[in-house]
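Worksheet for the structure shown next.
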Amino acid sequence: MSRRSAAVAASVLTVLALGSVSACSSTSSAASGGGGGTPTVKLMAGGLDKQIYLPYQLAQQLGFYKKYGVNVQLSTEQDGGVGAEDAMASGQVDMAGAWYNHTIEFQAKGKAVEDVVQLSGAPGEREMCTKKSGVHSGADFRGKTLGVTDLGSGTDTLTQFLAAKKGVKTSQFHRIGVGAGSTAIAALQNGKVDCVMTTQPTVAAIQKKGVGTSAIDLATTSGATAALGGAYPAAGVLARTDWVNSHKATVQKVVDALVATMHWINTHSAADIANKLPASYVSNQLVTKADYISALTEDKGQFLPDGLMPAGGPKTSLATEQLVGDVKSSVNLSKTFTNDFALQANKTEGFKTTTTPAGPNG
């Protein structure tokens with residue numbers, strides 16, 4: 001889910017030639033769906049085993065991609081590798097399971113990318129801090145070293161935004177990339193950072209080891225609204241607008257599957273969800289299955305029940321980008337997302353929508 005540094009940006013350029021071959025292959029396969037075949041879509045997520053991104057894999061486990069007539073090949077970005085959204089923008093994959101805010105950043109850079117289905121109304125993140133850090137809000141960031149997934153990532157943007165809302169400049173604290181999972185935990189244990197912004201199941205592991213506690217809640221829609229001033233649309237499915245326009249039937253199939261998944265999540269318990277996911281996702285060196293279920297029960301409120309971009313969400317996301325300084329040019333929010341596919345999916349299945357959808361102005 002991260003925007004990479006100049007060095008990684010160079011690697012993105014390197015894969016452009018390979019990406020064009022990949023894009024041609026996947027585009028050809030997807031287009032074949034109109035002739036009666038099953039279209040294939042390549043989707044890379046910013047961490048398939050993270051709870052914030054669980055719908056992508058869950059849809060596969062439930063057989064929903066197959067049910068709705070699309071073959072989705074899932075992959076996950078690797079630490080130090082090309083980010084999911086960059087792989088999508090370069091044509092290496094067709095879709096990215098990444099945060100909505102990247103569509104705003106891409107538009108500011110002259111690239112047309114849109115969010116076709118929104119899975120969460122909150123970042124699903126928590127600012128996990130050591131007890132001696134004294135951090136309770138962004139106002140306490142002065143003089144601290146704060147861990148983020150990568151510099152330029154969504155967690156980096158949010159960290160800067162929390163500080164800026166409290167009048168703390170980025171020059172008054174230090175940010176370093178610590179990844180997630182064991183590397184993020186080690187950064188706290190070894191005193192490399194005072195806090196780290198991370199997700200479940202890393203949050204549960206940090207709490208269980210006693211090396212940090214939740215200082216700021218961005219994991220639920222209510223927590224995000226309190227800290228950020230409104231719902232913050234995070235995990236969604238992003239794709240290049242030109243690809244979406246030329247593969248609308250295929251996009252609809254993917255969205256149908258994911259909307260059905262969101263409805264399933266909304267009507268099932270955390271234990272039900274955990275039982276459907278790969279065993280390695282819910283029980284590993286970081287957490288037990290019981291820990292995973294407990295953490296998901298606590299943060300399950302981040303997921304939207306119907307895949308719709310929530311009203312006010314795009315404006316909140318744009319405000320964070322502008323305050324942090326990542327976006328200085330004007331942005332047409334209506335081109336950064338669409339609710340058309342999700343509305344059709346809900347209508348087709350007869351699902352009652354409960355999310356107030358965002359209008360053209362966000």
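So is Ala311 in contact with a Leu (Cβ under 7 Å, 6 or more places away or on another chain) and either at pLDDT 95 or above or not acidic (Asp, Glu) (or both) or not?
Criteria not met by Ala311.
If you scan segment 172-186, which residues turn out to be surrounded by fewer than 18 Cβ atoms within 10 Å (Cβ to Cβ) and either touching a Cys at 6+ places or on another chain (Cβ under 9 Å) or at pLDDT 95 or above (or both)?
Gln172, His174, Ile176, Ala186
How many residues are within 20 Å of the chain's Cα centre (by Cα) and open to solvent by 40 Å² or more (accessible area, probe 1.4 Å) if we restrict to segment 341-362?
Residues flagged as within 20 Å of the chain's Cα centre (by Cα) and open to solvent by 40 Å² or more (accessible area, probe 1.4 Å) within segment 341-362 amount to 1.
Residues that are over 22 Å from Ala319 (Cα atoms), at least 1 per element: which strands (runs of 3 or more DSSP E) completely within segment 62-136 meet that?
Because the criterion is at least 1 residues that are over 22 Å from Ala319 (Cα atoms), the strands (runs of 3 or more DSSP E) in segment 62-136 that meet it are 71-76, 95-99, 125-129.
Return yes or no: is Thr202 of a type in the set (Val, Ile, Thr), open to solvent by less than 10 Å² (accessible area, probe 1.4 Å) and at pLDDT below 95?
The answer is yes for Thr202.
Inspect all residues belonging to segment 140-150 and state whether any of them is among the polar types (S, T, N, Q) and over 24 Å from Thr220 (Cα atoms).
So far as segment 140-150 goes, yes, one or more of its residues are among the polar types (S, T, N, Q) and over 24 Å from Thr220 (Cα atoms).
Look at Ala234 and say whether it is touching a Ser or Thr at 6+ places or on another chain (Cβ under 6 Å), within 16 Å of Pro123 (Cβ to Cβ) and either open to solvent by 30 Å² or more (accessible area, probe 1.4 Å) or of a type outside the set (Asp, Glu) (or both).
yes
With the structure loaded, tell me whether Asp94 is open to solvent by 10 Å² or more (accessible area, probe 1.4 Å) and out of contact with any Pro (no Cβ under 8 Å at 6 or more places or on another chain) or whether it fails that test.
No; evaluated as a whole, the condition is false for this residue.
Exactly one condition in (1) modelled with pLDDT of 95 or more; (2) assigned to a loop (DSSP other than H, G, I, E, B); (3) surrounded by 20 or more Cβ atoms within 10 Å (Cβ to Cβ) is not met by His268; state its number.
His268 satisfies all of (1) modelled with pLDDT of 95 or more; (2) assigned to a loop (DSSP other than H, G, I, E, B); (3) surrounded by 20 or more Cβ atoms within 10 Å (Cβ to Cβ) except (3).
So in segment 319-336, with the set limited to residues that are touching a helix residue (DSSP H, G or I) at 6+ places or on another chain (Cβ under 6 Å) and open to solvent by less than 50 Å² (accessible area, probe 1.4 Å), which one is farthest from Tyr68 (Cα to Cα)?
Within segment 319-336, the match that is farthest from Tyr68 (Cα to Cα) is Val324.
Since Val41 meets every condition but one in (1) without any contact (Cβ under 8 Å) to a residue 12 or more places away in the chain; (2) of a type outside the set (Gly, Ala, Ser); (3) crowded, with 24+ Cβ neighbours inside 10 Å, which condition does it not meet?
Only one criterion is unmet by Val41, namely (1).
Just to be sure I understand, how many residues within segment 139-153 are open to solvent by 10 Å² or more (accessible area, probe 1.4 Å) and either part of a loop (DSSP other than H, G, I, E, B) or closer than 19 Å to Ile52 by Cα (or both)?
7
Being aliphatic (A, V, I, L, M) and either within 20 Å of Glu125 (Cβ to Cβ) or at pLDDT 50 or above (or both) narrows it down to one residue among Leu62, Leu18; which is it?
Among Leu62, Leu18, only Leu62 is aliphatic (A, V, I, L, M) and either within 20 Å of Glu125 (Cβ to Cβ) or at pLDDT 50 or above (or both).
Quick check on segment 61-75: of everything there that is under 26 Å from Gly181 (Cβ atoms) and free of Cβ contacts under 8 Å to residues at least 60 places away in the same chain, which residue is most open to solvent (accessible area, probe 1.4 Å)?
Top of the filtered list is Gln73.
Could you tell me whether any residue of segment 107-115 is open to solvent by 10 Å² or more (accessible area, probe 1.4 Å) and among the polar types (S, T, N, Q)?
For segment 107-115, residues open to solvent by 10 Å² or more (accessible area, probe 1.4 Å) and among the polar types (S, T, N, Q): present.
Please go through segment 216-226 and pick out each residue that is open to solvent by less than 30 Å² (accessible area, probe 1.4 Å) and out of contact with any Gly (no Cβ under 6 Å at 6 or more places or on another chain).
Matches in segment 216-226: Ile216, Leu218, Gly223, Ala224.
Is there a residue being under 27 Å from Met44 (Cα atoms) and over 15 Å from the mean Cα position of the chain (by Cα) anywhere in segment 160-172?
Checked segment 160-172: at least one residue is under 27 Å from Met44 (Cα atoms) and over 15 Å from the mean Cα position of the chain (by Cα).
For segment 187-198, name all the residues that are closer than 21 Å to Gly46 by Cα and open to solvent by 10 Å² or more (accessible area, probe 1.4 Å).
none
If I filter segment 76-83 for residues that are open to solvent by 10 Å² or more (accessible area, probe 1.4 Å) and of a type in the set (Gly, Ala, Ser), do I get at least one hit?
Within segment 76-83, one or more residues are open to solvent by 10 Å² or more (accessible area, probe 1.4 Å) and of a type in the set (Gly, Ala, Ser).
The values are calculated or read from the model by the stated rules, or taken from the named source; none is laboratory data. Computed from a predicted structure; not experimentally measured. Note that each Cβ is placed from the backbone with ideal geometry, even for glycine, and that neighbours are counted across all protein chains shown. Accessible surface is based on the protein model in full, side chains and every heavy atom, while ligands, DNA and RNA are left aside. Shrake-Rupley method; radii C 1.70, N 1.55, O 1.52, S 1.80 Å.
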